Each structure stands twice: as C-alpha cells, then as structure tokens.
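Structure record follows, encoded as structure tokens.
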Amino acid sequence: MIEEVVQSFTPDEVMALADAVFFDGAWSRPFERELTAPAPFTRPDGTTVLVPTMHGGASGHFEDDEVQAMRLDYGAGDLAFVAVIAREGLAAPALDEHRWAEIAGGLRERPGRLALPRLRLSCGLELRPALSALGLAPLFGDGAELDGIFEGPAPAAGAGRVLHRARVDLDEHGTRAAAVTVVTVRAVSMPVDEPFDLRLDRPFTWAIEHRESGTLLFLGRVTDPSKT
C-alpha cells in the first residue's frame with residue numbers, strides 16, 4: 001500500500017531504521033453496495049463536493065451537546081472504527097485523551113441510520129519537530145547515545161529525519177490501512193433510545209481502536225473525501 005518513503009539519502013545518513021504496520025479488517029456488518037450513492041460533503045471552507053456515500057447501521061452510537069459519534073466493529077469486535085463529528089460548525093473535533101475515552105466509553109448499540117463516505121486517505125509527515133517538542137531533542141544532537149547499534153568504535157551520530165507515511169482505504173467491505181515510519185541516522189562532524197440519524201457529511205475525526213485497551217492504531221481527520 002505504501003510503495004516509497006525515502007526518495008533519496010544524503011551522504012551523511014549512514015543507516016535507516018524502518019517500522020511498518022498493516023491492518024486489514026472486514027466489517028462485522030458490511031454495507032450494502034447498492035445503497036451507496038453520491039451525496040454532498042461540506043468542506044472546511046463551506047464549499048461542497050459529491051462523494052460516494054455508504055448507508056447502513058452502526059455498532060455503537062454516542063451523542064451529547066457538542067458531538068455525535070459512531071462505532072463500526074471489525075470481525076469479532078475487538079477492533080473498531082470510531083468517528084466523531086461536531087454538532088455544529090465545519091471543524092473536525094479536536095479531542096484530548098480524556099474526551100476520547102469519554103466518547104468511546106459511551107458508545108452503545110441502538111437503532112439508527114448512518115451515512116459514511118468511502119475514504120481513501122494518505123499522508124506524509126516529518127516527525128522530527130513533534131518528537132523534539134515531546135522532549136526527544138537530544139536524540140537528534142551530536143551527543144546522542146547510539147553506541148549499541150554499531151559494531152566496533154561508534155562514529156559520532158545522531159538521528160536525522162523521521163519520515164512517516166500512512167494510507168487508509170475504507171469501503172463497503174471494511175478497511176485496509178498501512179503505516180511506515182523511517183528514522184535515518186546521520187554521522188555528525190508523534191443517551192437517548194430513539195433512532196439516531198448520523199450523517200458524516202462534514203469534517204470529522206476518526207480512529208481505528210483496539211477496544212479492550214483503548215489503543216488507537218490509526219488516527220486522522222477527514223476534510224475532503226474526494227481527495228486523498
């Protein structure tokens with residue numbers, strides 16, 4: 001799914017460490033393909049675009065004064081796709097871990113209708129600024145302790161680029177997702193019970209979650225399903 005991460009190396013990059021994850025999950029209750037039809041999606045700037053939109057039910061639903069959320073289970077239900085949309089406005093919800101836990105913990109099955117666009121998403125990030133802000137700046141400096149990864153006398157070295165690529169394809173049958181992160185090392189001289197009607201037709205936040213532990217395997221925001 002991800003054919004290339006590093007296009008080229010610089011002369012001072014002496015090593016690269018790559019880590020990859022792949023997910024292929026079928027919905028517990030697949031969408032009926034014949035119900036998929038073009039429907040409008042409103043982008044952050046207020047313009048609309050027609051995108052293929054799937055229609056069906058959900059494994060779980062949550063709502064309060066600020067957001068609506070839904071859950072679609074994969075397989076036996078240990079993994080799930082969760083999406084959260086603001087009740088008003090065109091901004092995808094920004095959620096901290098406590099708010100996410102409140103929403104995920106409040107999802108429960110109830111009758112209702114769900115409209116979800118097909119998705120094909122990809123992104124590319126350079127994570128060095130984020131990792132430095134989290135306190136890992138020394139890893140990129142001249143004094144990084146990387147001795148254990150070299151045989152013999154270790155050269156002066158520090159981490160260089162941290163390149164991340166991810167892709168998610170979501171359709172009537174399920175979800176396929178992949179992510180690759182490459183770190184280069186350079187030589188130096190991160191409720192109600194009535195039926196609901198939830199249309200994810202504006203920007204929303206989503207995640208693929210391991211339900212028992214709450215671990216988020218993939219996380220993103222959709223602002224325009226007509227583009228990757």
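The values are calculated or read from the model by the stated rules, or taken from the named source; none is laboratory data. Everything quoted here is computed from the prediction, not taken from an experiment. Heads up, the Cβs are rebuilt from the backbone with ideal geometry, glycines too, and the neighbour counts pull from every protein chain shown.
Worth a mention:
- Test result for Met54, modelled with pLDDT of 95 or more and in contact with a helix residue (DSSP H, G or I) (Cβ under 9 Å, 6 or more places away or on another chain): yes
Okay, residues lined up against (1) at negative phi; (2) touching a strand residue (DSSP E or B) at 6+ places or on another chain (Cβ under 7 Å); (3) modelled with pLDDT under 90:
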{"position": "Phe150", "(1), (2), (3)": "yes, no, yes"}
{"position": "Ala166", "(1), (2), (3)": "yes, yes, no"}
{"position": "Val182", "(1), (2), (3)": "yes, yes, no"}
{"position": "Val185", "(1), (2), (3)": "yes, yes, yes"}
{"position": "Ser189", "(1), (2), (3)": "yes, no, yes"}
{"position": "Pro195", "(1), (2), (3)": "yes, yes, yes"}
{"position": "Thr205", "(1), (2), (3)": "yes, yes, no"}
{"position": "Glu209", "(1), (2), (3)": "yes, yes, no"}
{"position": "Phe218", "(1), (2), (3)": "yes, yes, no"}
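- Set side by side, the residues Ser28, Ser59, Ser8 differ, and just one is within 16 Å of Leu170 (Cα to Cα) and either loosely packed, with under 14 Cβ neighbours inside 10 Å or in contact with a strand residue (DSSP E or B) (Cβ under 7 Å, 6 or more places away or on another chain) (or both), which is Ser28.
- Selected residue [of a type in the set (A, V, I, L, M, F, W, C), under 19 Å from the mean Cα position of the chain (by Cα) and modelled with pLDDT of 95 or more] from Ala39, Ala94, Ala83: Ala83
- When each of Ala144, Ala177 is tested for being surrounded by 12 or more Cβ atoms within 10 Å (Cβ to Cβ) and modelled with pLDDT under 95, the lone residue that passes is Ala144.
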